[in-house]
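A short worksheet on the structure shown next.
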Amino acid sequence: MNKSCIRTSVEDDIGIIQLFRPHVANALNRSMVLEVVEQMEAFDQDKNVRVIVLKGNEKAFAAGADIEEMLHETALSFELQDPFRDWDRLLRIKKPIIAAVEGFALGGGFELALHCDLIIASEQAQFGFPEIKLGVLPGAGGTQLLTRAMGTRKALEWIWLGEFMSVKEAHTFGIVNRIVAPELVVEETIKLAKKIAKQAPIAVRLIKEAVIAAEDLSLQDGMKLERKNFYLAFDSADQKEGMRAFLEKRTPSFKGG
Ligand code: CO8
């Protein structure tokens, strides 16, 4: 399906969203972010989708927020628009989201990739927060998400200098899950998405909630949440199917219930 700034499709349980503003290296304007969020929410509710893939194009995943659109913003205009309300909705998506990053993932584009659960990137991908060169700073979570990934000193260095980070560096810090040849990025991402889509969907969802919460919770509260989710999994038909299939020495068929 075509909207104004994204392209979408569903193939074998995978919902695919392509950022589509190629004339501006997929710079993120307000409409594009809203379209992405609305589509993610639609896929989150769609029984035919188990995993979401977000991709750009060969040149760019996304080269940041649209600088032309931002030029005349003021503190008050931002306050009244509240653009980050849309970004906050991304944090509530329950299904796995995998970013396929080719080319540039900069500024808001890097932040969008960091909002995804996994990142598969091309050998030629480049990441960075060049906002400092525009006289500003990351605004969609970059200072927080990069610092969680690499620690204070490294994050300060990258964000102060605004230089581009190679995919190897991003991989070293656990930002990128896998590095693949440029022509294989989308194919490998879909392959990984299909592997996750074959797992029990309720367990996949409960795992996402527990693992992400581990960053914010005390160990004790995290253990409590894990235990609650562990119990919940036993209310699913997939738990019975998975355990029966093991005992009957056959491959389980998970239905997502
Ligand atoms: N915004 C608007 N237009 C852009 C952007 C952008 N972020 N990035 C590229 N473009 C446009 C270029 O102006 C150019 O347009 P035209 O053909 O009309 O001249 C076209 O895309 C292609 O770009 P280039 O000719 O520059 O291509 P190059 O291969 O030479 O360079 C780069 C590609 C390296 C990606 C380069 O374009 C670049 O440095 N872009 C800007 C990167 C940047 O500074 N990003 C950070 C933006 S600020 C931000 O993201 C803050 C996030 C806050 C959260 C969101 C809040 C709403």
Subject >> R0 of 22 Å, Cβ-Cβ distance LYS198-LEU247: FRET efficiency to nearest 0.05 >> reply: 0.65
**OP:** List nothing, just return the count: lysine pairs in segment 1-126, 8 or more apart or interchain, with Cα separation under 21 Å.
**Re:** 6
**OP:** Compute the long axis of helix 219-233 from its Cα atoms, compare it with the longest principal axis of the Cα atoms of the chain, and write down the angle in degrees, 0 to 90, nearest 10.
**Re:** 50
**OP:** Would you be so kind as to identify which of PRO83, LEU192, ALA100 lies farthest towards the positive end of the dipole of the chain, taking Lys and Arg as +1 and Asp and Glu as -1 on Cβ and the Cα centre as origin?
**Re:** LEU192
Original post:
Quick one: if you stick a label point 7 Å off each Cα along the C-beta vector at SER4 and GLU69, how many nm between them?
Top reply: 0.9
**OP:** Determine the dipole magnitude for segment 60-106: charges of +1 sit on the beta-carbon of Lys and Arg, -1 on that of Asp and Glu, nothing else is charged, the reference point is the Cα centre, and the result goes in debye to the nearest 20.
**Re:** 500
Original post:
Counting only protein heavy atoms, what percent of the accessible surface of the chain is carbon or sulfur at a 1.4 Å probe?
Top reply: 57
Subject >> For ILE6, residues with placed amide H under 5 Å, excluding near neighbours >> reply: PHE20
Original post:
Over the chain, what is the percentage of antiparallel beta bridges among all DSSP beta bridges, to the nearest 5?
Top reply: 30
Original post:
What residues of segment 94-108 lie in the reach of a label at ILE212, counting those whose backbone N is under 18 Å from a point 7 Å from the Cα along Cα→Cβ?
Top reply: 94-100
Subject >> √(5λ) per eigenvalue of the Cα gyration tensor, the chain, largest first, Å >> reply: 32, 20, 18
Original post:
Taking 0.36 nm per intervening residue step and subtracting the Cα-Cα distance, what contour gain separates ALA233 from GLN144 on full extension?
Top reply: 28.9 nm
Original post:
Where nothing but the Cβ of Lys and Arg (+1) and of Asp and Glu (-1) is charged, how large is the charge dipole of segment 187-239 around its Cα centre, in debye to the nearest 20?
Top reply: 220
Original post:
Once amide H atoms are placed 1.01 Å from N in the peptide plane, what residues at a sequence separation of 5 or more from ALA200, or on another chain, have their amide H within under 5 Å of its amide H?
Top reply: none
Subject >> Residue-span extension gain [PHE84 to LYS255] - 0.36 nm each, minus C-alpha spacing >> reply: 58.1 nm
Subject >> Loop sites in segment 104-142: GluC sites (Glu not before Pro), DSSP, at most 15 other Cβ within 10 Å >> reply: GLU123
Original post:
Kirkwood Rh, Cα Rg: Rg to Rh for segment 166-257?
Top reply: 1.08
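I want the local charge near ASP221. Using Cβ-Cβ distances under 14 Å, sum +1 for each Lys or Arg and -1 for each Asp or Glu among the other residues. Could the numbers behind the result be given before it?
Working: positive: LYS224, ARG227, LYS228; negative: GLU209, GLU215, ASP216, GLU226.
After counting each charged neighbour, the total is -1.
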Original post:
Per q in 0.10, 0.17, 0.21 1/Å, what log10 I(q)/I(0) does a Debye calculation on the alpha-carbon atoms of segment 95-238 return?
Top reply: -0.41, -0.99, -1.22
**OP:** Taking 7 Å along the Cα-to-C-beta vector as the label spot, tell me the SER31-THR172 distance in nanometres, rounded to one decimal.
**Re:** 4.2
**OP:** Compare SER31, SER122 by solvent-accessible area with a 1.4 Å probe and give them largest first, with all protein chains kept in place.
**Re:** SER31, SER122
Original post:
With axes computed from alpha carbons, what is the tilt in degrees of helix 152-161 against the longest principal axis of the chain, rounded to the nearest 10 within 0 to 90?
Top reply: 40
**OP:** Give a quick list of chymotrypsin sites (Phe, Trp or Tyr not before Pro) in segment 215-255 that DSSP marks as loop, anything other than H, G, I, E or B, with at most 16 other Cβ atoms within 10 Å.
**Re:** PHE234
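Within segment 81-147, which trypsin sites (Lys or Arg not before Pro) sit in a loop by DSSP and count at most 15 neighbouring Cβ atoms inside 10 Å?
ARG92, LYS94
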Original post:
Assuming a viscosity of 0.692 mPa s and a temperature of 37 °C, what translational diffusion coefficient in µm² per second does Stokes-Einstein assign to segment 15-163, Rh being the Kirkwood radius over Cα pairs?
Top reply: 210
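What is the sum of charges around GLU209, taking Lys and Arg as +1, Asp and Glu as -1, for the other residues whose C-beta is under 10 Å from the C-beta of GLU209?
+3
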Original post:
Once both labels are modelled 7 Å past Cα along the beta-carbon direction, what's the LEU134-ALA181 spacing in nm?
Top reply: 3.5
**OP:** Post the alpha-carbon centroid distance, segment 18-51 to segment 125-183, in whole angstrom.
**Re:** 22
Subject >> Estimated 222 nm signal from helices in the chain, with DSSP H stretches of n ≥ 4 weighted -39500 (n - 2.57), rounded to 500 >> reply: -13500 deg cm²/dmol
**OP:** Could you work out how far helix 237-247 tilts from the main Cα principal axis of the chain, as a 0 to 90 degree angle to the nearest 10?
**Re:** 60
Subject >> Solvent-accessible area per residue for segment 96-205 (1.4 angstrom probe, square angstrom) >> reply: 46
Original post:
If you take the charge dipole of the chain about its Cα centre, with +1 on Lys and Arg Cβ and -1 on Asp and Glu Cβ, which of GLY141, GLY151, GLY242 is farthest toward its positive end?
Top reply: GLY242
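The values are calculated or read from the model by the stated rules, or taken from the named source; none is laboratory data. These numbers come from a predicted model, not from an experiment. Using ideal geometry, Cβ is built from the backbone for each residue, glycine included, and neighbour counts are taken over all protein chains shown. To get the accessible areas, we keep the full protein, side chains included, count just its heavy atoms, and leave off ligands, DNA and RNA. Shrake-Rupley method; radii C 1.70, N 1.55, O 1.52, S 1.80 Å.
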